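Below is one structure; the comments refer to it alone.
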Amino acid sequence: MLQGRFHFYEGYSMKEVVFPIYVLKALGVETLILTNACGGINEHYQPGDIVLIEDFINMVWINPLIGINDEEMGPRFPDMSEPYSFDLIHKVKALDPTIQEGIYAHFSGPYYETRAEIQAAKIMGADLVGMSTVPETIAANHAGLKVLAFAVVTNMATGIQKVKHDHHRVVEMANQAAIRLEKLLLELLENLT
Ligand code: HPA
């Protein structure tokens, strides 16, 4: 288990952001479960919801695989047609049939997106928006790991919610949902073995 993560907005390079994923791979890890806090674009969601990420749109336009490829880690042109394991998504849905799924749009941050950016992401098909998870997902797929990702909707995205963003509220909602997420994760881990 990793405590925390490196974010691109903190000034780390994309390669630094995903270095822990390759360390996990070298340690023999085969399945990666990611979690994050994010904004909800899809109006069926509400703050506090836990959503399974089914696919992503990388709106940062750079990614951790740019540069020399380490052939021992993975292919130059990895497939990304199943970034999140259908099998693992199926297993979670068997445990919690009410869980929602969504497409996650990755923005660099650290500002909360503009209204126009959220509208653009919505038109492109995004349900969720956040500043993490996608680099790790790309690297893990490159390295052949199965990936599952849970997004905690801590707020509705800019323009969807009518009030301004409040970071303290975001942290509060994340902490509240963490209790439910922990329970779901423990159940899932019992069912994976
Ligand atoms: N946008 C981006 N990242 C986030 C948000 C958001 O609205 N909420 C929590 N992380």
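The values are calculated or read from the model by the stated rules, or taken from the named source; none is laboratory data. The structure presented is a predicted model; accordingly, all values stated were derived computationally and were not measured. Glycine gets a Cβ as well: all are built from the backbone with ideal geometry, and neighbour counts include every protein chain shown.
Summary table below
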quantity	calculated
MET124 farther than 24 Å from VAL23 by Cβ and touching a Gly at 6+ places or on another chain (Cβ under 7 Å)	no
Unmet criterion (only one of (1) within 14 Å of the ligand (Cβ to nearest atom); (2) surrounded by 23 or more Cβ atoms within 10 Å (Cβ to Cβ)) for THR137	(1)
Matching residues, the stretch 4-30, being more than 20 Å from GLY109 (Cβ to Cβ) and either assigned to a loop (DSSP other than H, G, I, E, B) or not hydroxyl-bearing (Ser, Thr, Tyr) (or both)	VAL23, LEU24, LYS25, ALA26, LEU27, GLY28, VAL29, GLU30
Any hit, the stretch 60-80, residues being surrounded by 19 or more Cβ atoms within 10 Å (Cβ to Cβ) and either within 22 Å of ALA178 (Cα to Cα) or touching a strand residue (DSSP E or B) at 6+ places or on another chain (Cβ under 7 Å) (or both)	no
Some residue of the stretch 31-40 being at pLDDT 95 or above and in a loop (DSSP other than H, G, I, E, B)	no
Matching residues, the stretch 11-67, being among the hydroxyl-bearing types (Ser, Thr, Tyr) and within 13 Å of the ligand (Cβ to nearest atom)	THR35, TYR45
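Residue-by-condition table, conditions (1) away from the ligand (no atom under 12 Å from the Cβ); (2) over 25 Å from ASN63 (Cα atoms); (3) exposed (fewer than 12 other Cβ atoms within 10 Å of the Cβ); (4) without any contact (Cβ under 8 Å) to a residue 24 or more places away in the chain:
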site: LEU95; (1), (2), (3), (4): yes, yes, no, no
site: ALA120; (1), (2), (3), (4): yes, no, no, yes
site: MET173; (1), (2), (3), (4): no, yes, no, no
site: LEU181; (1), (2), (3), (4): yes, yes, no, no
